[in-house]
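Chemist: First, the structure itself, so that you have it in front of you.
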Amino acid sequence: MAKLLTLSKVMPKQNRYDSVKARRSRQAHGKDIELLARCLNAWNNLSGVRETRARTMRYCMGDQWSDVIPVYSHGYVEYMTEREYMQRRNTTPMSNNVMVSILESIAGLYAKQGTEPVCFARDNDSRQLSDMMSATMQCNWQTTYMQDVLNHAIKDYVIGGQMYVRESWEDRMLEMPDAWTEYVEPDKMFFECGSDPRHEDISLIGCLHDVSTEDLYQKFARPQYNLTIDDLDEIFDIHHDSDESGGYEFNDEKRLSNLSFDYSNKGKHYHRVIEVWTTETKPRLQCFDPIATNQNDSYFRVDREDTAMINSLIDLNEKRKKQYDDAGTPEDERAYIVSEDVADKYWYYTYMAPDGTILCKGETPFDFKSHPFTMKLYPYINGEVHPFLSNIIDQQRYINRLIVMNDMAIRSSSKGVWMIPTTVLGGKSPADFVEEAVEYDGMVFYTPKPTMPQVKPDIITSNAVNIGTNELLQIELNLIRDVSNVSGALQGKTPSAGTSAARYAQESQNATTSLFTILSDMETFTEKLATKKCMVIQQFYENGRKIFNKDGLNTYSYDRLSARDVHFKISIKNAAASVAYQTQINDKLDFLLQSGAINIVQYLQNLNAPFADKLLASVQEQQAQLEQMYQQQQMMAQQQGGGTVDENGIVQGADQRNVQQAQSYLNS
């Protein structure tokens, strides 16, 4: 008898792989040791990047003699810092910090621009929402002090070649919840990615948090996480009756040697919490509704375990089928919701304790369907990180060596040494003669030749030997300017005599051009974080929330329903508060006033000057007085002349000179 086969045995099986469920099956007692080991490996892989950043930070902040060097002595090798080595040789380690001036010049060049986000609706029918969303973003930009965060980020980007921020929706400072952008220390970040300069190939990203005991209870002692305060005390080994206090001094805790993956370096009151976001996969249904009103409803995905949603879609198709049957619609004209099986990739977050205990987990709660971090690495060619200022360290080290060599040459030269012949002692001992003479640095006693009996004491002073340190120092300073492209014109230094204003302006422009890549990276970084901030605002802002315009006078009422499904393009423009922007506006207003296109009132209403408001009030008061005087002249003319008006429209008996003067002020 032939074996009976069914479709389930001969048809290919559908993919039902779920990465989260597969890893959960390998977990034990609520711990994810596999994910914890993956995070630790990612953090260890960035150890070289952290060491490079720490070394560049030391050179920028003044500690330029802390590099560890091998010292060979008596047949063995001893490792010590350059500062210790020089102090053992009775040499003072001296430095001339040139790197910090380059850092401040680049940071000042960016801060002077004063940028802010501007929103443009991608849908032509929603352009009227652009002004409201731009005002909302700019209000949040000012409320959360984003410019201060970005000014700090570019310094870290130049020093360490990295900058990271994290977007969140939080209630801070006892105010209403808002979209906050938190700057994350690069030493506490870890990730897995390839060599994409846009960093779109990240599969794991996370950071280390130092959470106080109060914040730990507030964030994780919740029923939805099945955790209580007692559970957290047991997980993190918290003892409330302990008086132990630990940790390092404020600056010492930031040192790389005091940083650990497992525990906080701030003291017993803080606890290490590991936040990690990973890309996971699971089977889902890719659905398409051809008659949906917007793009979000046209393409959507449904979890295969969401039976309620699947049944509602089936009922909707059945309802449409009945309507099409009643209307006699042909089969090829009927619009049903169709679906196909896909292996969906999505972002999944996990908060863990240092021992791998899971505190909370779940799919990304954000509408942008990704992790909340925005990152930028420099230059990230071949997937490598090399800070901008690390290229100048060798020149800085050589400058320090030249300064020390010049100091040693000056110290080794003779300065004020007495040469005293013994014939002038007159029977006195050299010690007695020294007490009577003016004491200075040193005295040398010698016996002159018999042919020179009348030799007197002489003071010998010699100049330091010129070993070429001044020339070498100038060469190194020129090399630093060539390597960093930060010239004296960009730093605002006084030009040499004979330098024209046009040439000085051109030198400043050329220096700005050479640093355009760093400024362009900052613009791209700002656009990415502003895009996530905009989507967080669209997701969480309540309807009717008051939004103040950038001038602080006009207000908008946030329309949540209208802006919810609109995709906005974020562009970073010069802020209205920047000096360059205000100067451009004032120049344009001067031109319009001189050409007669606007009057003095319109000019003062838009002028960016400290005296504009006071002058505007004075002009408006004068205009009100002139208007009142003009009305009184008309009333008097009508009373004296019987109120008759001639064929030219002139009231008989009125003082026409006063009338013309008042009219000119009113029309100006």
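Chemist: Return yes when Val651 is in contact with a helix residue (DSSP H, G or I) (Cβ under 8 Å, 6 or more places away or on another chain), at pLDDT below 65 and open to solvent by less than 60 Å² (accessible area, probe 1.4 Å) and no when it is not.
Modeler: Yes.
Chemist: Which members of segment 279-304 meet the condition of being in a loop (DSSP other than H, G, I, E, B) and surrounded by 12 or more Cβ atoms within 10 Å (Cβ to Cβ)?
Modeler: Asp289, Ala292, Arg304
For (1) open to solvent by less than 10 Å² (accessible area, probe 1.4 Å); (2) out of contact with any helix residue (DSSP H, G or I) (no Cβ under 8 Å at 6 or more places or on another chain), each residue gets a yes or a no:
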{"position": "Glu167", "(1), (2)": "yes, no"}
{"position": "Arg172", "(1), (2)": "no, yes"}
{"position": "Met176", "(1), (2)": "no, yes"}
{"position": "Trp180", "(1), (2)": "no, yes"}
{"position": "Asp187", "(1), (2)": "no, no"}
{"position": "Phe191", "(1), (2)": "no, no"}
{"position": "Ser195", "(1), (2)": "no, no"}
{"position": "Ser203", "(1), (2)": "no, yes"}
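Matching residues to (1) β-branched (Val, Ile, Thr); (2) under 20 Å from the mean Cα position of the chain (by Cα); (3) closer than 29 Å to Gly383 by Cβ:
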| site | (1), (2), (3) |
| --- | --- |
| Val158 | yes, yes, yes |
| Met163 | no, yes, yes |
| Trp180 | no, yes, no |
| Glu192 | no, no, yes |
| Ala221 | no, no, no |
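Chemist: Among the residues of segment 542-560, which ones are modelled with pLDDT of 85 or more and either loosely packed, with under 15 Cβ neighbours inside 10 Å or hydroxyl-bearing (Ser, Thr, Tyr) (or both)?
Modeler: Passing the criteria: Glu542, Asn543, Gly544, Lys546, Ser557, Tyr558.
Chemist: Would a scan of segment 129-144 turn up a residue that is among the acidic types (Asp, Glu) and open to solvent by 20 Å² or more (accessible area, probe 1.4 Å)? Break it down stepwise before answering.
Modeler: So in segment 129-144, the residues among the acidic types (Asp, Glu) come out as 131.
Narrowing the set further to residues that are open to solvent by 20 Å² or more (accessible area, probe 1.4 Å) leaves 131.
Yes, because at least one residue in segment 129-144 is among the acidic types (Asp, Glu) and open to solvent by 20 Å² or more (accessible area, probe 1.4 Å).
Chemist: Can you find, within segment 561-590, the residue that is modelled with the highest pLDDT among those that are touching a strand residue (DSSP E or B) at 6+ places or on another chain (Cβ under 6 Å) and assigned to a loop (DSSP other than H, G, I, E, B)?
Modeler: Val566
Chemist: Identify, from the list Ile314, Ile337, the residue that is at negative phi, crowded, with 16+ Cβ neighbours inside 10 Å and of a type outside the set (Ser, Thr, Tyr).
Modeler: Ile337 is the lone residue from the list that is at negative phi, crowded, with 16+ Cβ neighbours inside 10 Å and of a type outside the set (Ser, Thr, Tyr).
Chemist: Name the residues in segment 111-139 that are within 19 Å of Met522 (Cβ to Cβ) and not hydrophobic (A, V, I, L, M, F, W, C), would you?
Modeler: Lys112, Gln113, Gly114, Thr115, Glu116, Pro117, Gln138
Chemist: Then there's this: Scan segment 95-109 and report the pairs whose first residue is under 30 Å from Met405 (Cβ atoms) and whose second residue is among the acidic types (Asp, Glu) and assigned to a helix (DSSP H, G or I), with Cβ atoms within less than 9 Å and a gap of 6+ or a chain change.
Modeler: Val98/Glu476
The values are calculated or read from the model by the stated rules, or taken from the named source; none is laboratory data. The structure displayed is predicted, hence computed values, not measured ones. With ideal geometry, Cβ positions are generated from the backbone for all residues, glycine too; neighbour counts draw on all protein chains shown. Areas reflect the complete protein model, heavy atoms only, side chains present, ligands, DNA and RNA absent. Shrake-Rupley method; radii C 1.70, N 1.55, O 1.52, S 1.80 Å.
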